[in-house]
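The values are calculated or read from the model by the stated rules, or taken from the named source; none is laboratory data. Here the structure is a predicted model, which means the values were calculated and not measured. Methodologically, a virtual Cβ is constructed for each residue, glycine included, from the backbone with ideal geometry; neighbour enumeration extends over all protein chains shown.
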Amino acid sequence: MFAFGYANIKSTTGNREVIMAVFDKPHKSSRHMWSGLTICAVLFLFTIAAGSALACLNNTSPSQAALEDVKLPAHGDATFLTGVISPSDEGRDHIWPDHAVEYQTMPPASGPHFPDPTAPGFYTTRPAFGYLVHSLEHGSAVIYYDPAQLSPEIEKSLRAFIQANSDSEVGIVAVPDADFKYPFILTAWDKMLKLSQYDHQAVRAFLAEYLGRGPESPSR
């Protein structure tokens with residue numbers, strides 16, 4: 001690094017001034033000082049950036065943490081289960097699909113049902129209640145959603161819950177139904193939670209508490 005200045009020198013061909021740079025010898029002490037300051041500044045900025053990134057990770061809210069992809073705990077967070085109701089049990093009789101059945105509670109959380117359960121998955125057409133109730137008996141959870149209230153984000157959340165917590169027989173069944181007062185209703189055997197708006201933490205708590213715990217061959 002060189003220190004330099006400017007000198008005005010008269011040319012020999014006229015009064016025009018020619019600007020020439022006059023270089024001094026390099027100043028080693030200045031060079032070392034500026035190099036040290038530069039390194040310190042870079043390290044300081046890196047430390048701030050790393051600290052900010054760590055703080056963002058530690059402060060990630062549950063809505064950003066993709067809880068849908070995390071293994072369900074043994075039980076659900078009671079904070080989100082205060083609204084769970086236990087409808088009267090309506091029995092476990094098997095009937096043929098050509099038999100008419102009326103459930104005391106709608107959507108049903110127990111009662112007579114058809115021989116075949118509904119496989120876990122996300123449905124855009126609701127199967128008959130007789131098939132869904134059989135799924136509840138096996139330990140599945142059935143989630144009813146109002147298609148008018150289903151956003152791409154909510155559908156993604158439901159599909160993630162299904163993917164992470166279902167096998168070929170027992171798991172989560174999400175079906176459309178716009179005939180209920182609440183846009184989202186979660187059901188398990190003899191259990192129900194009605195939501196006025198979608199809450200993935202409440203869904204996770206309900207599933208953790210009741211999924212796989214039907215009266216026929218409980219798996220959790």
Response to the item:
Out of (1) surrounded by 23 or more Cβ atoms within 10 Å (Cβ to Cβ); (2) under 18 Å from Pro73 (Cα atoms), the one Gly130 does not meet is (2)
Worksheet item: Has region 111-130 got at least one residue that is polar (S, T, N, Q) and in contact with a helix residue (DSSP H, G or I) (Cβ under 7 Å, 6 or more places away or on another chain)?
Response: yes
Fill in: Selected residue (criterion: nearest to Asp167 (Cα to Cα)) from residues of region 105-122 that are surrounded by fewer than 23 Cβ atoms within 10 Å (Cβ to Cβ) and out of contact with any Ser or Thr (no Cβ under 8 Å at 6 or more places or on another chain)
Phe122
Discussion item. So, Pro218, is that one not in a helix (DSSP H, G or I) and not assigned by TED's automatic domain parsing to the domain that holds Asp93 or not?
Written reply: yes
Practice prompt. Specify which of the listed residues (Ala148, Ala160) is assigned to a helix (DSSP H, G or I), exposed (fewer than 15 other Cβ atoms within 10 Å of the Cβ) and at pLDDT 95 or above.
Written response: Ala148
